[in-house]
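The structure under discussion appears below in the form of structure tokens.
The values are calculated or read from the model by the stated rules, or taken from the named source; none is laboratory data. Remember, predicted model here, so these are calculated numbers, not experimental data. Neighbour counts run over all protein chains shown; Cβ positions are idealised from the backbone, glycine included.
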Amino acid sequence: MIVIVATWCPLRSAFGQRVVVRVLETTTRTPIAGASVVLDDSARLGATDSAGVLRAAGVTSGRHALRVGKIGYRPTVTTVEVRADAVAPIQVLLDVLPVDLPLVAVNARKIDMRMSDFERRRADGGGTFFTRAQLDSNAGRTVVDLLRARSVAHFVRAEDGSEYLASATQQGPDEFRGPPRPCFAQIFVDGINVYTPDPNMPSVLPPDLRDFGVSDLDAVEFYSSVARTPPEFRSGAPACGTLVVWSRTGR
């Protein structure tokens, strides 16, 4: 879990209030960088810096929904009151997403091999790839921003502002499943399949891609079809595409 301490500064300007958000790890109280902060499910204020701090201006007074998320943590939404005459620290708990992971030995060779495999697949082509250098040049953006800029993926936006990666082809309809619905892409994080679309469980949604900040990643791969998906990522259901993200392991 992490504790999010949000301080709403009572500094009024012609453009609204200034907002300062600081994100800390709950056990060590160390700053958390790269946490995505969204206001009212529409305005992305940005991501926290290396000190775990985000500063934004132009927030109107009144009640707002504040959404904070980061890869590996369950997103949370809390209601905050922005006023010019008060400072109200707010604490929010963000739970770690439960993922069953196999026991692995982490060492320098393992890290080198995963990027070596990434470069091999990039050389083979067949997908859309973003290297660490490309991600660094897009600091503050999300995976959604990068894929949308390349026009290689289709996105489904939920009523709460969440964005999901899907194929332009829809599943269904048939007499058992009802009307057509999006065909979501499967998602791998660090080689682990964390989401596979299941037609028998349509209410289970994939991760919200707004939480995948590029500053948290070493590399990104996207394959739009089964034919383009490499064999090592065909263990799930790649019919509607496959997104593979690799967490950043060093600075």
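Do we find a residue being at pLDDT below 85 and of a type in the set (Asp, Glu) anywhere in segment 212-222?
no
Would you confirm whether any residue within segment 196-209 is buried (at least 20 other Cβ atoms within 10 Å of the Cβ), on the phi < 0 side of the Ramachandran plot and assigned to a helix (DSSP H, G or I)? Talk me through it step by step, then tell me what you get.
Kept after step one, since they are buried (at least 20 other Cβ atoms within 10 Å of the Cβ), are these residues of segment 196-209: 197, 206-209.
Keeping just the survivors that are on the phi < 0 side of the Ramachandran plot gives 197, 206-209.
Filter once more, keeping what is assigned to a helix (DSSP H, G or I): 209.
Yes, segment 196-209 contains at least one residue that is buried (at least 20 other Cβ atoms within 10 Å of the Cβ), on the phi < 0 side of the Ramachandran plot and assigned to a helix (DSSP H, G or I).
When you check residue 132 against the structure, is it under 23 Å from residue 197 (Cβ atoms) and either surrounded by 12 or more Cβ atoms within 10 Å (Cβ to Cβ) or acidic (Asp, Glu) (or both), yes or no? Walk me through it before giving the result.
On the way: under 23 Å from residue 197 (Cβ atoms): no; either surrounded by 12 or more Cβ atoms within 10 Å (Cβ to Cβ) or acidic (Asp, Glu) (or both): yes.
Taking the combined requirement at face value, the residue does not satisfy it.
Going by the structure shown, is residue 33 among the small types (Gly, Ala, Ser) and either touching a residue at least 40 places away in the same chain (Cβ under 8 Å) or assigned by TED's automatic domain parsing to the domain that holds residue 145 (or both)?
Details: among the small types (Gly, Ala, Ser): yes; either touching a residue at least 40 places away in the same chain (Cβ under 8 Å) or assigned by TED's automatic domain parsing to the domain that holds residue 145 (or both): yes.
The answer is yes for residue 33.
Got at least one residue in segment 102-114 being modelled with pLDDT of 80 or more and either surrounded by 13 or more Cβ atoms within 10 Å (Cβ to Cβ) or of a type in the set (Lys, Arg) (or both)? Steps first, answer last, please.
Restricting attention to segment 102-114, the residues satisfying the condition of being modelled with pLDDT of 80 or more are 114.
Among the residues that remain, those that are also either surrounded by 13 or more Cβ atoms within 10 Å (Cβ to Cβ) or of a type in the set (Lys, Arg) (or both) are: 114.
Within segment 102-114, one or more residues are modelled with pLDDT of 80 or more and either surrounded by 13 or more Cβ atoms within 10 Å (Cβ to Cβ) or of a type in the set (Lys, Arg) (or both).
Please go through (1) more than 25 Å from residue 196 (Cβ to Cβ); (2) at pLDDT below 80 for residue 96 and return the number of the only condition it doesn't satisfy.
(1)
Going through 207, 199 one at a time, which residue ends up being in the same structural domain as residue 115 (by TED's automatic domain parsing) and farther than 18 Å from residue 158 by Cβ? Before the answer, list the steps.
Values: 207 fails: farther than 18 Å from residue 158 by Cβ.
It is 199.
Tally time: how many residues in segment 34-60 are touching a helix residue (DSSP H, G or I) at 6+ places or on another chain (Cβ under 8 Å) and at pLDDT below 80?
Applying the first criterion (touching a helix residue (DSSP H, G or I) at 6+ places or on another chain (Cβ under 8 Å)) to segment 34-60 yields 34, 36, 38, 44, 47.
Imposing the further condition that a residue be at pLDDT below 80 reduces the set to 44.
Summing the residues that are touching a helix residue (DSSP H, G or I) at 6+ places or on another chain (Cβ under 8 Å) and at pLDDT below 80 in segment 34-60 gives 1.
Within segment 116-140, how many residues are within 30 Å of residue 44 (Cα to Cα) and either modelled with pLDDT under 90 or part of a loop (DSSP other than H, G, I, E, B) (or both)?
6
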